[in-house]
There are 2 protein chains.
Amino acid sequence: MANSVWIIEDVALYQETLQEVINEEPDLTCKSVFDNWEDAHSLLQSLPEDAPDVILLDIGLKGKSGVEGVASLKSAAPDSRIIMFTVYEENEKIFEAICNGASGYLLKTSTGDEIISSIKNVLTGGGPMSPVIAGKVLSMFSQIAPVRENYMLSVREKEVLKELVDGMTKKEISEKLFISYHTVDSHIRNIYDKLHVNSKSEAVAKAVKERLL
Amino acid sequence: MANSVWIIEDVALYQETLQEVINEEPDLTCKSVFDNWEDAHSLLQSLPEDAPDVILLDIGLKGKSGVEGVASLKSAAPDSRIIMFTVYEENEKIFEAICNGASGYLLKTSTGDEIISSIKNVLTGGGPMSPVIAGKVLSMFSQIAPVRENYMLSVREKEVLKELVDGMTKKEISEKLFISYHTVDSHIRNIYDKLHVNSKSEAVAKAVKERLL
DNA sequence: TTCAGATTCCCGTGTTTACGGGATAGTTTG
DNA sequence: CAAACTATCCCGTAAACACGGGAATCTGAA
């Protein structure tokens with residue numbers, strides 16, 4: 001049986017063209033087209049079994065942004081795979097959409113063929129992205145995960161640092177680890193030395209940012 | 001002028017085939033082939049101006065793993081773009097390679113055409129990935145991505161929080177923002193309320209973890 | 001126009017931190 | 001074995017912090 005596709009797009013021209021392109025494909029059908037995701041969402045809630053395999057979602061809709069729609073549609077139809085379809089290239093939008101569970105991200109400059117192959121691709125567990133987007137995703141990734149420097153923290157120091165990150169005071173840590181306040185203080189001083197900081201918050205910021213735990 | 005490509009690959013068969021495919025392309029040339037990244041790295045260090053535009057790097061080399069090579073090659077030739085070339089699909093390898101600065105990630109099942117278009121792609125700032133990889137990258141992303149709650153921080157509060165994350169004291173913040181110590185104190189109290197914390201480090205940890213800036 | 005929120009400012013008190021000094025005991029390692 | 005490192009403990013002080021009280025503007029929405 002052909003896989004079902006929904007289109008959520010508020011530009012009439014795009015709606016038609018997309019639907020035609022998809023329906024020309026023997027193993028894809030597109031019966032439902034929406035111009036806002038709220039409608040799609042309510043339909044999904046009343047008839048969850050009609051959830052499509054793939055949803056093409058325009059990110060730049062009038063009214064409520066498409067990005068918000070991702071999470072909402074995902075919760076109503078967790079098994080439908082969502083491909084964002086957009087003119088935007090801003091990191092923030094891409095990031096949000098992906099975090100909300102989008103499975104692919106295409107630019108509107110994509111050709112019909114590209115769109116079709118992306119749809120098929122997403123059905124087999126792939127994550128189709130326009131190359132430009134893919135590049136941005138990669139660079140975001142390396143931003144998120146900075147070079148993990150080795151500060152040579154001892155096991156005990158890491159334990160203490162972990163508690164610091166969890167917001168514990170020195171006193172609380174000393175109680176939790178069954179050591180004296182002074183010992184904790186001493187460990188923290190050594191941590192400061194090794195991380196080149198001089199306050200709890202700096203240590204915490206560095207630990208979280210650089211994933212030292 | 002044709003763009004230069006290096007191949008780092010320890011299977012002779014792949015070496016040859018790859019080189020041929022690339023050299024058939026009019027605007028690509030591959031003159032250098034290595035079977036380990038250390039050699040490539042030392043060549044880059046002695047002749048940095050010979051750095052290629054693109055490096056195809058096999059991840060599963062004998063001896064030192066290709067993943068380590070990424071960082072090393074990147075530091076010797078920051079402007080060369082590295083495409084990982086591999087049979088591995090493990091999340092951890094992909095993750096590491098990307099974090100270390102790889103610009104693309106291809107499976108060895110890729111066809112010659114795909115490889116060529118990926119090379120061209122990476123030259124224009126894209127991030128070519130096999131669809132399977134792209135899918136994994138996206139799912140890794142949404143795993144990492146925290147639920148971004150909206151704590152309704154005001155503009156000013158965000159400014160103050162940002163400084164906190166940078167390790168500033170209340171006094172320093174007051175001087176930087178040209179407001180009194182008491183005002184900063186007041187903002188911080190409101191931030192604590194909204195974030196449901198009661199210390200600087202907790203606020204910092206939450207801000208960094210949940211990317212509130 | 002009232003009312004909520006944001007932004008600004010102030011006092012005081014008890015707690016916590018940062019850091020200057022130390023010391024002792026156990027482990028690993030060249 | 002001695003040096004280096006780790007983990008533990010102690011004192012004291014000045015600074016920074018958390019939080020209890022306030023209060024005066026200003027802005028924008030109901």
I'd like the residue in the range B:116-142 that is surrounded by fewer than 22 Cβ atoms within 10 Å (Cβ to Cβ) and more than 10 Å from every other protein chain (Cβ to nearest Cβ) and, out of all such residues, is nearest to B:V21 (Cα to Cα).
B:I116
Of the residues B:S201, B:S118, B:S110, B:S186, only one is away from DNA strand D (no atom under 13 Å from the Cβ) and part of a helix (DSSP H, G or I); which?
B:S118
Tally time: how many residues in the range A:176-213 are within 11 Å of DNA strand C (Cβ to nearest atom) and either among the basic types (K, R) or surrounded by fewer than 17 Cβ atoms within 10 Å (Cβ to Cβ) (or both)?
14
Exception for A:L212 within (1) more than 12 Å from DNA strand D (Cβ to nearest atom); (2) under 27 Å from the mean Cα position of the chain (by Cα); (3) in a helix (DSSP H, G or I) falls at (3)
Tell me the residue from A:I22, A:I94 that is buried (at least 20 other Cβ atoms within 10 Å of the Cβ), in contact (Cβ under 8 Å) with a residue 40 or more places away in the chain and more than 30 Å from A:F141 (Cβ to Cβ), please.
A:I22
Which listed residue is within 16 Å of DNA strand C (Cβ to nearest atom), in contact with a helix residue (DSSP H, G or I) (Cβ under 8 Å, 6 or more places away or on another chain), of a type in the set (S, T, Y) and touching a residue at least 12 places away in the same chain (Cβ under 8 Å), from B:Y105, B:Y151
B:Y151
From B:F141, B:F95, residue being touching a Cys at 6+ places or on another chain (Cβ under 8 Å) and assigned to a helix (DSSP H, G or I):
B:F141
Here the residues within the range B:145-171 that are surrounded by 14 or more Cβ atoms within 10 Å (Cβ to Cβ), at negative phi and within 14 Å of another protein chain (Cβ to nearest Cβ) are B:A145, B:V160, B:L161, B:K162, B:E163, B:L164, B:V165, B:D166, B:M168, B:T169, B:K170
What are the residues in the range A:70-89 that are closer than 14 Å to A:I8 by Cβ and assigned to a loop (DSSP other than H, G, I, E, B), if any?
A:A77, A:S80
Taking A:A102, is it small (G, A, S), buried (at least 22 other Cβ atoms within 10 Å of the Cβ) and within 30 Å of A:S139 (Cβ to Cβ)?
yes
Restricting to the range A:167-183, and then to whatever is assigned to a helix (DSSP H, G or I) and among the aliphatic types (A, V, I, L, M), can you tell me which residue is nearest to DNA strand D (Cβ to nearest atom)?
A:L177
Being touching a helix residue (DSSP H, G or I) at 6+ places or on another chain (Cβ under 6 Å) and of a type in the set (V, I, T) is the filter here; which residues of the range B:174-213 pass it?
B:V184, B:I191, B:V197, B:V204, B:V208
Given (1) open to solvent by 50 Å² or more (accessible area, probe 1.4 Å); (2) touching a Cys at 6+ places or on another chain (Cβ under 8 Å), where does B:P78 come up short, assuming only one miss?
(2)
Are there any pairs with C-beta distances below 6 angstrom linking a residue in the range A:194-213 that is more than 8 Å from every other protein chain (Cβ to nearest Cβ) to a residue that is open to solvent by 70 Å² or more (accessible area, probe 1.4 Å), with the two at least 6 apart or on different chains, and if so which?
A:L213/A:K162
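The values are calculated or read from the model by the stated rules, or taken from the named source; none is laboratory data. Note that the structure is predicted; figures quoted are calculated from it, not measured. All Cβ positions, even for glycine, are placed from backbone atoms using ideal geometry, and neighbour counts span all protein chains on display. Remember, those area values only see protein heavy atoms, side chains included, never the ligands or the DNA or RNA. Shrake-Rupley method; radii C 1.70, N 1.55, O 1.52, S 1.80 Å.
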